[in-house]
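The values are calculated or read from the model by the stated rules, or taken from the named source; none is laboratory data. Note that this is a predicted model, so its numbers are computed, not measured. Neighbour counts are summed over all protein chains in view; Cβ atoms, including those assigned to glycine, are modelled from backbone coordinates with ideal geometry. Protein only, heavy atoms only, side chains kept; ligands, DNA and RNA dropped before computing areas. Shrake-Rupley method; radii C 1.70, N 1.55, O 1.52, S 1.80 Å.
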Amino acid sequence: MNLKQVCRSHFMVGAVLFALSVLLLVQASCLTPDRVSGSLVRIYAGDSMGTGFLIDKAGYAVTSYHIVSGSNSVSVVMKSGEQYSGKIVCRDEGRDFAVIRMDGVSAELPSLTAGDSDRLQSGEQVVVASYQQDKASPDLVTTVMSNQSKLDGVSCLQLGGSVTIGRYGAPVLNKSGEVVGMVKWDSGDATQVGLAVAVNEFSDKIGEAVCSDCSELSISGLAPQSVADTSAIIMWQTTKPSSGIVEWGPSGSYANRTDTTDGTGRSHAVVLKGLKPGTVYQYRVIAVDPCGNEIISDGQDLTTLAAVPQSGALSIINVTVSEISSSGATVSWVTNKPSNSVIFYGTTEDSKTAMRTDSNNVYEHKIRFEGLTPETRYYVTVQSVTEKGEVAESAAKPFKALSTSPLCCRLACRMPDFVFKDMNGNDFTQDDLAGRKVCMTFTKTTCSICMGQAVYLNDIYLSWPKGDILFMCVANHEKPADVIEWMKKYGLIVPVYLDVEGELVDYCHLRTIPSTLCINEKGIVVYSREGPFGSRKEFEETLKNVKWE
């Protein structure tokens, strides 16, 4: 055997082993070619071409920022050849990603889900799924994640093999078929090292971008809190992150404006100062989302308290916890005498291990504290003392730190607050879901397809292991009498709840009834489907395969 034959033999063996490693990884995982390739798209922006991948069945795709930089609109081409125009709704040059909304999507599209790049181990096999410029079908190429390190402050995966142009924007998949990174570039030298941005760098940002783009800006819960003689706190919520200004003045005018609030949150609070005791004021909120959309609330009134008397025993009133985030909260309160105060907070009502002090000897008090654990219930107590040594202590005030997930009804989002009615007229809220796996199907009594979904849900509820999943059939825009008659007609035993005004469906912008959501114990949406299941079996198999973690 000559040298050429030896080289050819080694090359053929290497090629066979390479192909076999791809096949074994694909067969041993969720990486079915149809599932992956159906979720891949070609992205064209001017003279640039790259790969992208779908992350939402409504038609949202992710690709590399540098492919679309300088473009506001792009072309997105599916494996089937279907072409959509796309609008860039979010871009981040530092993390090298962009989110694209595909216009004109009329049916559900396949999509990929995000994994956890922090769990990758050096030497672990991964698959890069991409389009090459000269090929009609996508490639699934196995490689190794050799290292994970920071590049310009961004966590990147180091991959074996060089990166060709068409592979930019390609998802890097783990053995479960989850996205753990997105191809960024190669080293450009003889080492042929490919780099991918770790998915944990951008998955939250993608969820926020989709939620922000797909929902209309609206204001709810606008109300005054902690109204005192010379001040009041105005609080409200918005359906997506936005900045806000409160305009206010004596009844009949909006002569004053507050400073603009931070534009990153959905819960807002502004303090009005310099008010006169015993006076009627009117106020309204102007909210603006990151896209520049503006909404103005209706005007509301508040009446300040009469001047606080400085007599009697020291007392603490209007203890309010506001501006709650995943890591912090603000506590405000009023005392009837100038005083200094200490707040205690912890996870039990008698916790006094963590404290913050307020030493201003004033009537109106406010303290911001950080270091909370997301999704944890806390209690806060205020203790005030005057210069003469009078002491007063408030009752423990409960509150819960928010989740780090964005607020919406799409995958990886935290479910928004809601209030349903059960069939006995009792309130049923998001707090009642805490610590439970939930399957929630939205339906209507006047919808013939919905009847079939309700029957499927009822049958699954009766056969499913008790206590494992909370099954909820939510009747949308319905009167209790109509729902009771409907339940009797079809023999429904599954728990039915009333969204009388259809608020959650409207908030979630569910375009199809029936729709089904699965929510895990932490209140995060882990499965979302708009439209009916074709059979009970399909419904049941879907539930069995939901990834609740």
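Laid out as a table, the results:
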| read-out | value |
| --- | --- |
| Residue within segment 96-108 that is assigned to a loop (DSSP other than H, G, I, E, B), modelled with pLDDT of 85 or more, farther than 25 Å from G177 by Cα and out of contact with any Gly (no Cβ under 8 Å at 6 or more places or on another chain) present | no |
| Single unsatisfied condition, E93 versus (1) in contact with a helix residue (DSSP H, G or I) (Cβ under 6 Å, 6 or more places away or on another chain); (2) acidic (D, E); (3) open to solvent by less than 70 Å² (accessible area, probe 1.4 Å) | (3) |
| Test for L504: is it open to solvent by less than 60 Å² (accessible area, probe 1.4 Å), more than 13 Å from F539 (Cβ to Cβ) and out of contact with any helix residue (DSSP H, G or I) (no Cβ under 7 Å at 6 or more places or on another chain) | yes |
| Qualifying positions in segment 264-287 - assigned to a loop (DSSP other than H, G, I, E, B), open to solvent by less than 30 Å² (accessible area, probe 1.4 Å) and under 14 Å from T230 (Cβ atoms) | L275 |
| Count of residues meeting criterion [modelled with pLDDT of 85 or more and in a strand (DSSP E or B)] in segment 113-139 | 8 |
| Close pairs (8 angstrom Cβ cut-off, 6 or more residues apart or separate chains): farther than 14 Å from Y65 by Cα in segment 33-55, among the aromatic types (F, W, Y) and at pLDDT 90 or above anywhere | S39/F53; L40/F53; V41/F53 |
| Candidate set: segment 110-129, residues that are surrounded by 17 or more Cβ atoms within 10 Å (Cβ to Cβ) and under 20 Å from the mean Cα position of the chain (by Cα); chosen: the one farthest from L40 (Cα to Cα) | S117 |
| Test for T230: is it in contact with a Leu (Cβ under 7 Å, 6 or more places away or on another chain) and open to solvent by 30 Å² or more (accessible area, probe 1.4 Å) | yes |
| Some residue of segment 367-384 being out of contact with any helix residue (DSSP H, G or I) (no Cβ under 8 Å at 6 or more places or on another chain), aliphatic (A, V, I, L, M) and free of Cβ contacts under 8 Å to residues at least 60 places away in the same chain | yes |
| Strands (runs of 3 or more DSSP E) fully within segment 430-549 counting 3 or more residues that are within 29 Å of the chain's Cα centre (by Cα) and free of Cβ contacts under 8 Å to residues at least 60 places away in the same chain | 470-476 |
| Subset tally (residues that are buried (at least 20 other Cβ atoms within 10 Å of the Cβ) and touching an Asp or Glu at 6+ places or on another chain (Cβ under 9 Å)) for segment 130-145 | 3 |
| Selection status of A61, touching a residue at least 40 places away in the same chain (Cβ under 8 Å), part of a strand (DSSP E or B) and closer than 30 Å to E530 by Cα | yes |
| From G523, G531, residue being touching a strand residue (DSSP E or B) at 6+ places or on another chain (Cβ under 6 Å) and at positive phi | G523 |
| Check on S403, assigned to a loop (DSSP other than H, G, I, E, B) and hydroxyl-bearing (S, T, Y) | yes |
| Some residue of segment 232-248 being in a loop (DSSP other than H, G, I, E, B) and farther than 29 Å from K205 by Cβ | no |
| Count - residues of segment 402-422 that are at pLDDT 90 or above and either open to solvent by less than 10 Å² (accessible area, probe 1.4 Å) or touching a helix residue (DSSP H, G or I) at 6+ places or on another chain (Cβ under 7 Å) (or both) | 1 |
| Count - residues of segment 471-488 that are under 23 Å from V505 (Cβ atoms) and open to solvent by 20 Å² or more (accessible area, probe 1.4 Å) | 8 |
| Residue match in segment 66-76 (condition: modelled with pLDDT under 85, under 28 Å from the mean Cα position of the chain (by Cα), surrounded by 16 or more Cβ atoms within 10 Å (Cβ to Cβ) and not β-branched (V, I, T)) | yes |
